[in-house]
1. What residue, among those in the range 182-197 that are surrounded by 20 or more Cβ atoms within 10 Å (Cβ to Cβ) and among the hydrophobic types (A, V, I, L, M, F, W, C), is farthest from residue 163 (Cα to Cα)?
2. Kindly evaluate residue 200 against the criterion of being at pLDDT below 85, surrounded by fewer than 19 Cβ atoms within 10 Å (Cβ to Cβ) and within 25 Å of residue 80 (Cβ to Cβ).
3. Could you count how many residues in the range 103-131 are under 17 Å from residue 55 (Cβ atoms) and either more than 20 Å from the chain's Cα centre (by Cα) or of a type in the set (A, V, I, L, M) (or both)?
4. Does residue 177 qualify as being more than 26 Å from residue 76 (Cα to Cα), assigned to a helix (DSSP H, G or I), touching a helix residue (DSSP H, G or I) at 6+ places or on another chain (Cβ under 8 Å) and of a type in the set (A, V, I, L, M)?
5. Going by the structure shown, is residue 126 closer than 24 Å to residue 190 by Cβ, modelled with pLDDT of 80 or more, touching a helix residue (DSSP H, G or I) at 6+ places or on another chain (Cβ under 8 Å) and in a helix (DSSP H, G or I)?
6. Condition first: surrounded by 24 or more Cβ atoms within 10 Å (Cβ to Cβ) and β-branched (Val, Ile, Thr). Now tell me which residues in the range 112-145 satisfy that.
7. With (1) crowded, with 24+ Cβ neighbours inside 10 Å; (2) touching a residue at least 60 places away in the same chain (Cβ under 8 Å); (3) under 25 Å from residue 363 (Cβ atoms) as the list, and residue 71 as the residue in question, which single condition is left unmet?
Amino acid sequence: MTTSVKTSSSISHRFPYGGLFILSVAVFISVTAEMMPTGLLPQMSSELGVSEAQIGLLVTFFALSVVVTSVPLVSLTRRFSRHGLIVAVLIVVSLASLLSALSPSYEWLVGARILGGIAHGLFWAVVGAYSGHLVAKEHIGRAVAIITSGGTLAFVLGVPLATVVGQSFGWRVPFAAVSVLGVCAAVLILKFLPRVSTPEHTKKDARSASEPRRRRSDAGLGAVVLVCVTTAVIMVGHYALYTYITPFLTTRLGIAPEHVGAVLFANGAGGAVGLALVALLFGRRPMLGIVLGVLVTGVVVSVLAVFSANTGLSIAAIIIWGMSFGLLPSLLQARLLHVASARIRDTAVAFFSTSFNVGIAAGAVLGGALLSSRGLSSLPFANLALLSVAAVLLLGSVLSAHRRRGRMFGPTADEEVVGVAVGAAAVTGESIAGGAGTSARREGEVVMGAVVESDQAWGSKTTVTDAVGPNQPVDGSV
């Protein structure tokens, strides 16, 4: 028995919204668990008898766990079902949150955060690549935007709500609540998320690809590395400031402690707007959105650095900061999935997750060191310095793309943004990863660029796999 398939030309009618929204819920829980300490610094430091800088380091310990373990764990779990792996790591995230809620000491809490970081790193490596297996490449931007909307919602609702609940009932209550929600999300994934092939299966498919095709795929490794380095630099600057946003708001802006949750909510709402812009405008042109996000973030952080005494202006800047920064994580990940071939996608996302969390960890350490030595006023300037480095890397990315093409065309929108007068001819007629229009290899299985009929789109037994081939950005940039 064979399964009827549709090519990518009709994929918009079979877009897997249900599975992607379930993954978004899981991302919401995981990111809320990761970032809760940023809104509970005073309460946690007071009860545990440590400084706020030490509580800030809980974010660092969490992130370092991701950095050290995510790539090895992805390699060790290549043979396991991606579907079952997501369920398992969510259970571990829930356990880590429960252990955090029960922590009798700071040292115990550090151990619980390390456990949570280990699970979080593997979770992101698997979930980050999942959208690339479920949809064709021209829909990757939209799929990533849906999945990462859970992270944005964590900043809009999760962290502010945890802050308010922690202030009212104690910081342990939101950790316990996240533990329960994590188990609920694992059940939803177990029942409703479509399954995809394991990387090992995709690797076997890759052996049938021609050698020139492999060389073109491997040529994307340089672009993957550049995306990861740029991501790390951006995150170091951001989390040098954001990790200590609560004392920055109360001390530099004069926000009353009971209003901190509302300001964080407004910042997160700005992030939701940024994510909507990803889905509507920048999904096919990730570089354009990344460059605009970096530039606008630089402007609003400059306002925080210079005009923090003006509370109204600073709050407006914080909202716009949420919007401009909200563009970056999903667009950086979308760009990674564009430039990474299917054969290396899980590993590429693991390295992306590592670079992201290197940035979080290093940013928290840098911010803590500056807080202790130079005070809160130095944090926005550190962010600005690293945004400048990221801008240089983005310029280098476009110049490198132009050199690899080796010929002059009309400038693309991405390149115009960074002032480089080069471009690429429109991308036309490229087949979707070598698989569109082919029949399923077995019942319930389709190749990338094709999708099962709608009655299977939600089924937990549906298996989707993508063939291996070059996966260049839709906007023609590298």
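The values are calculated or read from the model by the stated rules, or taken from the named source; none is laboratory data. Predicted model, so just to flag it, every value in this text is computed and none were measured. Positions of Cβ are generated from backbone atoms using ideal geometry, with glycine treated the same way; all protein chains shown enter the neighbour counts.
1. In this case the residue turns out to be 196.
2. Yes: the conditions hold for residue 200.
3. Selection size over the range 103-131: 11.
4. yes
5. yes
6. Matches in the range 112-145: 126, 127, 135, 140, 144.
7. Result: residue 71 fails condition (1) only.
Yes/no per residue for (1) at pLDDT below 85; (2) hydrophobic (A, V, I, L, M, F, W, C):
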{"residue": "355", "(1), (2)": "no, no"}
{"residue": "366", "(1), (2)": "no, yes"}
{"residue": "373", "(1), (2)": "no, no"}
{"residue": "376", "(1), (2)": "no, yes"}
{"residue": "380", "(1), (2)": "no, no"}
{"residue": "394", "(1), (2)": "no, yes"}
{"residue": "402", "(1), (2)": "yes, no"}
{"residue": "405", "(1), (2)": "yes, no"}
{"residue": "412", "(1), (2)": "yes, no"}
